[in-house]
Structure formats: C-alpha cells, structure tokens
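Below you'll find the structure, written out as structure tokens, and then a few comments.
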Amino acid sequence: MRWLPVLVMAAFLGLMLYAGSGLPEFGDPNAPANTHVSPVYIEGAEKESHSPNIVTAVLADYRGYDTLGETIVIFTAGLACILILMKREEE
Amino acid sequence: MIRDEYRSIIVDTVSSLLIPFIQLFAVYVVIHGHYGPGGGFQGGVLLAISIILRRICHGRERAHGRFPPHLALVFAVSGMLIFGITGVLPLFFGAAFLDYSGLPLFWVHGAELRSLGILIVEIGIGTAVFGTLVAIFDTLSGERW
C-alpha cells in the first residue's frame, strides 16, 4: 500500500506529459487562445476605450471582474492582518 | 516597535527631500496608466511606500502627526467603495455590471466615457492598495488600535 500514492502520482505525471505534448506551440498564431478574444481586444482597445495602453484597457475594462476580485483579495488580506495581529488598548 | 527618531541628520534630510517626489510620481503612475506602464496597483504601492518611509525615518510622533493610522483604513475602505459604486451604478442606467459606458455622466459619451471609467477605477484601486499596505505596516509594527 505504501507504493500506491507513488503509482498514482506517476500515472498523473504521465497523463500530464501526454496532454502537454498536445498543446499548441508557444506563440502559435493559429492557437485557440489567439484566434477568439485576443484580436478583438487588440483591435478594439484603442477604438472602444480611447486607451493606447492595451494592458490598461484589458485590466480595467474588459476584465473588470478580475481586477475587482484582485482588489478585494488585497483588502481582505489587510483586514485579516489587522484582525489577527492588532493589540487592543485594554491589554 | 517604532518609538523614537532615527538619529541621523543624513537619513532625516534625504527622506524629507524624497517623500514629496515619491508621492508626485505615485500620482503620475496612477493617472498615466492609460498611456504607459502603470496603474492603480503600482501607484498605490508607491504612495504607501512614501508614508512607510516617513514612519521608518522620522519616528512615531512626527509620522503619526502627518498621517494617523486610522486614516489608512479610511483610505482602504473608500477605495473599495469607489470601485464598487463604479461597478454597480451602470446597473441602474441599463448597462451591465462594470460596463463604464453606462455611467451617469451625461456630458461624455461612448469611448470617452469608458476611458473616464477606467481612470475612476484606477484611482479607486490606488486608494485601496495604499490604505491597505499602510494598515498592514502599522499592524506589523505593533500599533494599538
């Protein structure tokens, strides 16, 4: 039974490597990631949001949900830090 | 933990000279996010760095006189509110959540309005990150709330 986890891990490693060999090449212009939303963002950022910096247009406009989540994560981390480490006056 | 002044006239003078420029550059990074590298997260961190530099170099009394610890939480919460309200407001004017073209600023239209929405959101992010980082630093340095 001790070797069962090792066998399972080896099987998953093999599966990962097999699946990884089927991924598109890095930077392949015909890859699905580069044919659906990327052209829309690259062509539309300047026209639709008057922002020459495409990164800002994607970050704050097209992917606004993501940025809202990121900001909430930082804010929650700060609140948790304060709640765990704060010293109260009466101590 | 940070109790008295760091007794060195060099550190004191250099940090006093640097802090206004760091703050100016932080505001530039937030506002200029449309045109170059930068944005709310980076600008907020730079603003927080200027306050933390004053905390470290000038000692508790002087630094807290300029920027009390409770103000940091006010900044963090108001930054989150700016972002949240900018997201929710378009819902009442017939647009989707976080769709800035539905913001109720009727004298700008279309792409200009979305550009303005990005700017408002970046300012909100910057304020939230700034307040959160200063609050984390104050808590870690043993501040009593």
Original post:
Considering only residues of region A:73-91 that are assigned to a helix (DSSP H, G or I) and facing another protein chain (nearest Cβ under 7 Å), which is farthest from B:His109 (Cα to Cα)?
Top reply: A:Leu85
Original post:
Looking at B:Ile51, is it under 30 Å from B:Val11 (Cβ atoms), at the interface with chain A (Cβ under 9 Å from one of its Cβ atoms), crowded, with 22+ Cβ neighbours inside 10 Å and among the aliphatic types (A, V, I, L, M)?
Top reply: no
Subject >> Residue match in region A:45-52 (condition: surrounded by 14 or more Cβ atoms within 10 Å (Cβ to Cβ) and within 17 Å of the chain's Cα centre (by Cα)) >> reply: no
Subject >> 1 or more residues over 28 Å from A:Leu83 (Cβ atoms): qualifying helices (runs of 4 or more DSSP H) within region B:4-111 >> reply: B:9-31, B:40-66
Subject >> Residue satisfying all of: in region B:135-145; among the hydrophobic types (A, V, I, L, M, F, W, C) and at the interface with another protein chain (Cβ under 8 Å from one of its Cβ atoms); nearest to the chain's Cα centre (by Cα) among these >> reply: B:Ala135
Original post:
So is B:Phe67 within 19 Å of the chain's Cα centre (by Cα), surrounded by 13 or more Cβ atoms within 10 Å (Cβ to Cβ) and over 23 Å from A:Glu70 (Cβ atoms) or not?
Top reply: yes
Original post:
List, please: which pairs have Cβ atoms under 6 Å, are six or more places apart or on different chains, and start with a residue in region B:114-134 that is more than 8 Å from chain A (Cβ to nearest Cβ) and surrounded by 24 or more Cβ atoms within 10 Å (Cβ to Cβ) and end with one that is modelled with pLDDT under 90 and part of a helix (DSSP H, G or I)?
Top reply: B:Gly126/B:Gly40
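Here is a yes/no grid of residues against (1) exposed (fewer than 13 other Cβ atoms within 10 Å of the Cβ); (2) within 8 Å of another protein chain (Cβ to nearest Cβ); (3) of a type outside the set (D, E, K, R); (4) over 22 Å from B:Gly43 (Cα atoms):
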position	(1), (2), (3), (4)
B:Arg62	no, no, no, yes
B:Gly79	no, yes, yes, no
B:Ile85	yes, no, yes, no
B:Leu89	no, no, yes, yes
B:Ala95	no, no, yes, yes
B:His109	yes, no, yes, yes
B:Glu112	no, yes, no, yes
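The values are calculated or read from the model by the stated rules, or taken from the named source; none is laboratory data. Note that the structure is predicted; figures quoted are calculated from it, not measured. All Cβ positions, glycine included, derive from the backbone under ideal geometry; neighbour counts span all protein chains shown.
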